[in-house]
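Comments concern the structure below.
Nothing in this text is a laboratory measurement; each read-out follows from the coordinates by a stated rule. Every value quoted in this text rests on a predicted model; they were computed, and no experiment measured them. Using ideal geometry, Cβ is built from the backbone for each residue, glycine included, and neighbour counts are taken over all protein chains shown.
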Amino acid sequence: MKGDELLSTAKKTPLYTKHVEHGGKIVEFGGWLLPVQYAGILEEHHIVREKVGLFDVSHMGEVMVTGPDALAFLQKLLTNDVSKTVAGQIQYSPMCYPDGGVVDDLLTYCHAPDKYLLVINAANIDKDWAWMVENSKGYKVELSNISDSTAEVALQGPMAEKTLQKLTSFKLSDIGYYRFQDNIEVAGKKTLVSRTGYTGEDGFEIYCAAEDAEEIWDALMEAGKEFGIQPAGLGCRDTLRFEACMPLYGHELSAQITPLEAGLGKFVALTKADFNGKAALTEQKEQGLARKLVGFAVTGKGIARSEYPVLSDGRRIGTVTTGSFAPTIGKNLGLALIEASYAVIGQSLDIEIRNKPVAAEVIKRPFYSRKEK
Amino acid sequence: MSEYPKNLMYTKDHEWVKFEGKTAVIGITDFAQSQLGDIVFIELPEVGREVTQGEGLAVVESVKAVSDIYSPVNGVVVKVNAAVEDSPELVNEDAYGDGWIAVIEMTSEDNELLDYEAYARLVEEEGGH
């Protein structure tokens, strides 16, 4: 038995003591000490699907972009068409290198055409910041990395709205999917609330000052008691996003994988004016993709894991990007980047697990989508 | 609080062994299952396979981790617990009972096992209780 992770010089979020109080099993993730689980990954996974779970996502990075050229700068920086967002709207976008590889994927919160909030992945904060600063040359914009002063919690699950509504006078049903409201009081504290998440469920992400995080956490845990709320860790955050087939940077996206290969073409606005990666991505689209991301089910015995080879008739045709037992579906599923000619629903594949080929089949993505009310 | 039954022997890799004459029943300890979390897959060895001490015997997978189970003794696998293949959670629920993994008929008496007191000390050193 091996595999315990060492705790190093990683940072603590403003909610660290809450995680310890709740019995969280702390691991290092992206330079942060965070709970991988409290009661157990499977239990927390089902709580989020069926009731409501509370995640600390304070490790995520936040960058404010302000100034007269804010929109023009983001149009250059991001692949999606930021001009389509209106105040109060959120947009998902990859951020590419000129060669089409991905620096990071992020959410853009449009406050106004001269003010945007970017929410970026924890492990990429330093790299993204350097990239943004470098790319901002020549634009009248001010960038401000507010990651350390900002805390963020994600309240996710079918009972999320009922839970949060108890703590605010703002009518939450007025916040649509991928919309947000700034300056809302939650438990008496000033917050920004968005209807977003990384679980495939309805839910909210609540941004607040780091010093208010503990009070908001406690208030949410108390408000959600009657709905069966539980704190939820990184372990189920990953299984939940995996079932919903939301990409995870470092797995489905990387400097070596383009958004088109990852099946994120609808977030790449090839028709807009020049942006980082436009030429490379346009060429890739015109020439046809050599490899594509697919979902698969392991039909033999075993669990596919990230980096396992994908084979066809003994020949390597790709690599697993994420693989896991899928708790809601009850099967061993995976995502893989494979040669495009094999990316057909029903295609038989083999996953090489401990040097043995194990049968798998390409299936439809996403693996899970919630039923609309 | 992990348990360490007194009638079992242990390895530093967190397997347990129960000797019954010439055979040894093998499983993973309560501490091991609690560290792994929810177990969702177990790869059992083939019956008839010859194993030497320290060699990979089975694989236990939790939601996040893949862990090798090493054979604590030299011998031949004579029986495996098919129930844990279908219901891997048995290892979480009853690590020393229904969650056993394999039975080995020993070909030698050599081993480097720990008694329950020595194992309890080892767990404590690794930060368990």
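Taking 0.36 nm per residue of separation and subtracting the Cα-Cα distance, full extension of the segment from A:T271 to A:E211 would add 17.3 nm.
Among A:90-98, A:257-265, sorting by the average number of other beta carbon atoms lying within 10 angstrom of each residue, highest first, gives A:257-265, A:90-98. Diffusion coefficient of the range A:200-256 by Stokes-Einstein, Kirkwood radius over Cα pairs, 4 °C, 1.567 mPa s: 94 µm²/s.
Computed over neighbours whose Cβ is under 9 Å from that of A:I90, the net charge equals +2, Lys and Arg +1, Asp and Glu -1.
Centre-to-centre, using Cα atoms only, the range A:279-324 and the range A:106-124 are separated by 30 Å. Taking the helices alone, the protein assembly as shown has a mean residue ellipticity at 222 nm of -5500 deg cm²/dmol, built from -39,500 (n - 2.57) per DSSP H run of at least 4 residues and averaged over all its residues. Pairs exceeding 29 Å between alpha-carbon atoms, taken from A:K171/A:K225; A:K127/A:K301; A:K140/A:K189; A:K115/A:K171; A:K76/A:K371: A:K127/A:K301; A:K140/A:K189; A:K76/A:K371.
Here the contact order of the range B:5-89, divided by its residue count and restricted to Cα pairs under 8 Å and six or more residues apart, works out to 26 percent. Could you check which residue among A:L155, A:L349, A:L333 shows the biggest mean-square fluctuation in a GNM of chain A with a 10 Å Cα cutoff? Greatest mean-square fluctuation among the candidates belongs to A:L349. For A:V27, the residues whose amide H sits under 5 Å from its own are A:L34, A:V36, ignoring neighbours fewer than 5 places away on the same chain, with H placed 1.01 Å from N. Taking square-rooted eigenvalues a ≥ b ≥ c of the alpha carbon gyration tensor, is the range A:61-145 rounded, prolate or oblate, where a/c under 1.5 means rounded and, failing that, a/b exceeding b/c means prolate? Verdict is rounded for the range A:61-145. So how far, in whole Å, is the C-alpha centre of the range A:161-183 from the one of the range B:1-30? Cα centroid of the range A:161-183 versus Cα centroid of the range B:1-30: 53 Å apart. What is the local net charge at A:K11, summed over the other residues whose Cβ is closer than 11 Å to its Cβ (Lys, Arg +1; Asp, Glu -1)? Every neighbour counted, the sum reads -1. Of all the C-alpha pairs in the protein assembly as shown, what % are more than 32 Å from each other? Here the long-distance tail beyond 32 Å is 48 percent of all Cα pairs in the protein assembly as shown. Between A:S306 and A:G323, the built amide H atoms are under 5 Å apart, and every one of these is 5 or more places off in sequence or on another chain. Remark: C-alpha extents of the range B:20-87 on the principal axes read 34, 22, 20 Å, sorted largest to smallest. Across A:I317, A:I216, A:I345, mean-square fluctuation computed from a Gaussian network of chain A (C-alpha pairs under 10 Å connected) peaks at A:I345.
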